[in-house]
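Shown next, in structure tokens, is the structure this report addresses.
The values are calculated or read from the model by the stated rules, or taken from the named source; none is laboratory data. Since this is a predicted model, take the numbers as computed values, not measurements. Positions of Cβ are generated from backbone atoms using ideal geometry, with glycine treated the same way; all protein chains shown enter the neighbour counts. Note: areas computed on protein heavy atoms with side chains; ligands, DNA, RNA excluded. Shrake-Rupley method; radii C 1.70, N 1.55, O 1.52, S 1.80 Å.
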Amino acid sequence: MSGIAPTLGDSITTLSEALTLEIGLFEAVHRWISLPECDEFVGARRSKHTMVAYNDSIYVFGGDNGKSMLNDLIRSDVKEKSWGRAFATGTPPAPRYHHSAVVYNDSMFLFGGYTGDIHSNSNLTNKNDLFEYKFKTGQWSEWKFVGKMPVPRSAHGAAVYNDKLWIFAGYDGNARLNDMWTINLGFGEKVWDEVQQKGECPPTCCNFPVAVARESMFVFSGQSGAKMTNSLFQFSFRDKTWTRISTENILRGAPPPPARRYGHTMVAYDRHLYVFGGAADATLSNDLHCFDLDTQSWSVVQPDPESDAPSGRLFHAAAVVNDAMFIFGGTVDNNVRSRDMFRFQFTSYPKCTLHEDYGSLLTKEECQRYCDIRFLVGEDEEKILAHVPIVAARSSYLREKIRLAKIAMEKHVEKLFTDNNKVNDIHATDFLEVKLPGANCDAFRMVLDYIYTDSIDPSKYGNKAEPDQEKNTLLRIMDVYQLAEEFQMSRLEHLCVQFINTTICLDNIVEALKNADKLKLDFIKEQCLRFIVKDTNFNHIIRSAEFETLESRLIVQILFRKQMPPSKTANETMFDLSKNSLEYDMQNFLHNTGKQFCDVDLILEDHVIPSHKAILVARSGYFEARFRSCMPNETDKRVNIKIGEITPSKKSFDTLLRYIYYGDTKMPPEDSLYLFASASFFNFSNIRLQAICKQNLERNVTHETVIDVLEAADRIQAIDMKKYALELIVFNFKKVVKQPRLKMLDKALILDILDTLGDFMSKKELSDP
């Protein structure tokens, strides 16, 4: 939610300063495109090579073609979609693979790798040499050093930060490494320094990618023997500290991390890291995984339906040019080397702030004024404030409780009106009240976190200094599970079970069993019993001191379960996490279940649209400012929707409400036009809506829809879009002129079309010889 809303006098064209429409080739986001292969006479098919981007070109060096190592340097012009040999002078590095290459200023720096004759299996060795290739002159040169150096290595990681080259881990011919070295590439002494790393360092590893973002280097998976993981590690260049990014300690519906793998690539773009390919548990993957650095969550990128995606591969290379990722080469099925090039179009939409916006209602002090329900929790009836629309949308059980409380309040107010002496007490009944005597206060607050944000961070509710913090977190989530059952929130139940299953271990299982039995959580208790009687766990658990604290009946149940033959666990039905998500519930609330809880009317000419104040406040700075000015008496329960002299159509405003309530961005071009021009007026948290409208217009405004767009642009005085539509009409004049809709256009718009057509023809005459 933004803090300051524009006034009614603000110009709706302010947005054009930040985003403008462009006529030209449009690339569909998340679409894979197969580009021309590299011809054999230019460069051999290969894997284990490096690829870097410089200006609008990609440079590929080395690798192996299956028979021998390579040391050629080839170049692809991504605009011309052409391949050629890069101009080079001087002595290039010896043929090699599993080396590293980075770009610094106008040079490429190449370090280490594995050299020798793989065909005869002779002179095979790792290197620790450093070469520089100057893009502008094509000059190769080798840097020479005196003093300590990194041990020779291959399959390592390399990055550039703060004018320095950073080398991490790799394989030295005998063992995997996890040391780090750095050298100054700019001004200053050219000496190697070993970095003293702190924090939770990745295991010794090789054949992993690195990516640099937000003053950090990120490492994901790779070959590390028995210690091979699918963890993502972050190294802060500033304090030289590693952190393992844990995604399992927050309860939410995000997909798990990609499977552990090696030979994959990872690149950084905008706020995301993209992982592609590699050997994942003996399978060559062609999935594209994305890690959001803001939300600290993984997702699988669904490609555009018209994509021509690369096949699964490993030891390929990747680079980012402008707003696209390029993949080249690699080893594909049957150990074949590839010479394919693919382009993947990124999206750079600002993130969806739906969860953060609703969460701000809970966390921001200024939003307390919009609370309209008081929960009396536990035996002591601790008062916890909330907002009726959000709570009612997420739980059918609480929705019914709220409905009954609302009826009780109405009766109470009616009684006060009949007693003249108590009319002044009516204001005291602003809050609905719902009693939850059996609920744990901390657990209920955690449930509220989930209701507002679709996630729970248990660490917020524990004291980091308390002993057995992990055990206490597990017990809290069991309390949450109990409330989820009571509140009929099946998705939250499922997420609690997921969290508990990943958290249960030998150290906390006995306490978990006790608590599940105490709370009568039969499903969780069953999970605990299964864990205990596993052959790998049983002896350790029954010999522990904690086991002796169990009640006799629980010990008997464990022994009885152990005597039973192992049950064949039926495949559990996959739970659809998209159902009953925040977006799903808010969509249902807008269109169905929320009608009885409306507390404000939006007036759109002759249309009255009942709505929910708390939702509007959370999502729009304009509505927050509007309602704040009417508080605390709330005399204004009706809001006229008008921007200057412009009133949006009912259809386009319905589209806007869908975006406000549940972040929906599906819309026809004519709705995109209104929202593109007016979204800044509503003062959302970022320009995500405008960016999506821009893409929707550029992709979907065709000769068939352009007349509608022109009329709408003229009506809302969107100059940029009107110009865009006029030029599109001229470019497609022969098709547009045949449309019956053209005859129905206002005379002024027809004259605008003729003016634009005349300008176009004049320019064409001047350009013709």
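From the P(r) of the range 449-608, can you give the percent of Cα pairs sitting at distances over 21 Å?
Percentage above 21 Å: 57.
In percent, how large is the relative contact order of the chain, given Cα pairs closer than 8 Å and 6 or more residues apart?
Averaging sequence separation for qualifying contacts and normalising by length gives 11 percent for the chain.
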Mean 1/r over distinct Cα pairs of the range 682-769, inverted to a Kirkwood Rh in Å, yields 14.2 Å
With every protein chain in place, the accessible area of S107 for a 1.4 Å probe, in Å² rounded to the nearest 10, comes to 10 Å²
Residue span E414 to C441: 0.36 nm per residue of separation minus Cα-Cα distance leaves a gain in nm of 6.5 nm
Of the listed links K401/K666; K435/K579; K651/K743; K435/K460; K227/K579, those spanning more than 31 angstrom between alpha carbons are K401/K666; K227/K579
Measure of exposure for E40: accessible area at 1.4 Å probe, Å² rounded to 10, is 90 Å²
Share of Cα-Cα pairs in the chain beyond 34 Å, whole percent, is 62 percent
Filtering trypsin sites (Lys or Arg not before Pro) in the range 643-684 by DSSP loop and by at most 12 other Cβ atoms within 10 Å leaves K666
The Cα extents of the range 33-78 along the principal axes, largest first and rounded to whole Å, are 31, 19, 18
Gyration tensor (Cα only) of the range 259-369 to equivalent ellipsoid, semi-axes in Å sorted down, yields 35, 15, 11
Heavy-atom accessible area per residue of the range 466-512, all protein chains kept, 1.4 Å probe, expressed in Å², is 39 Å²
Rounded to whole Å², per residue accessible area for the range 521-623 with a 1.4 Å probe reads 58 Å²
Inverse of <1/r> over all distinct C-alpha pairs of the range 100-153, i.e. the Kirkwood Rh in Å, gives 12.5 Å
Taking placed amide H atoms and a strict 5 Å upper bound, the residues 5 or more places from K435 or on another chain that come that close are L376
Candidate cut points under trypsin sites (Lys or Arg not before Pro) in the range 503-611, DSSP loop plus at most 14 other Cβ atoms within 10 Å of their own Cβ, are K520, K534, R543, K568, K579
Per residue, accessible area of the range 110-221 with a 1.4 Å probe, heavy atoms of protein chains only, in Å², comes to 45 Å²
For K240, counting only aspartates and glutamates whose alpha-carbon sits under 16 Å away and dropping same-chain residues fewer than eight positions off, the answer is D163, D179, D193, E194, E200, E215
Quick calc, I609 & T536: beta-carbon distance into FRET formula, R0 56 Å, rounding 0.05, result 0.40
Extension length gain for R638 and L376 (0.36 nm per residue less Cα distance), in nm, is 91.2 nm
Simple spin-label estimate for A259/T241, 7 Å along Cα→Cβ, in nm, reads 3.6 nm
Restricting to aspartates and glutamates and to Cα separations under 17 Å from K514, and discarding same-chain partners fewer than 8 apart, the set is D468, E470, D479, D522, E526, E546, E548, E551
Expressed to two decimals, the range 530-610 has a Cα Rg over Rh, using the Kirkwood radius, of 1.44
Carbon plus sulfur, as percent of the 1.4 Å-probe accessible area of the chain, comes to 49 percent
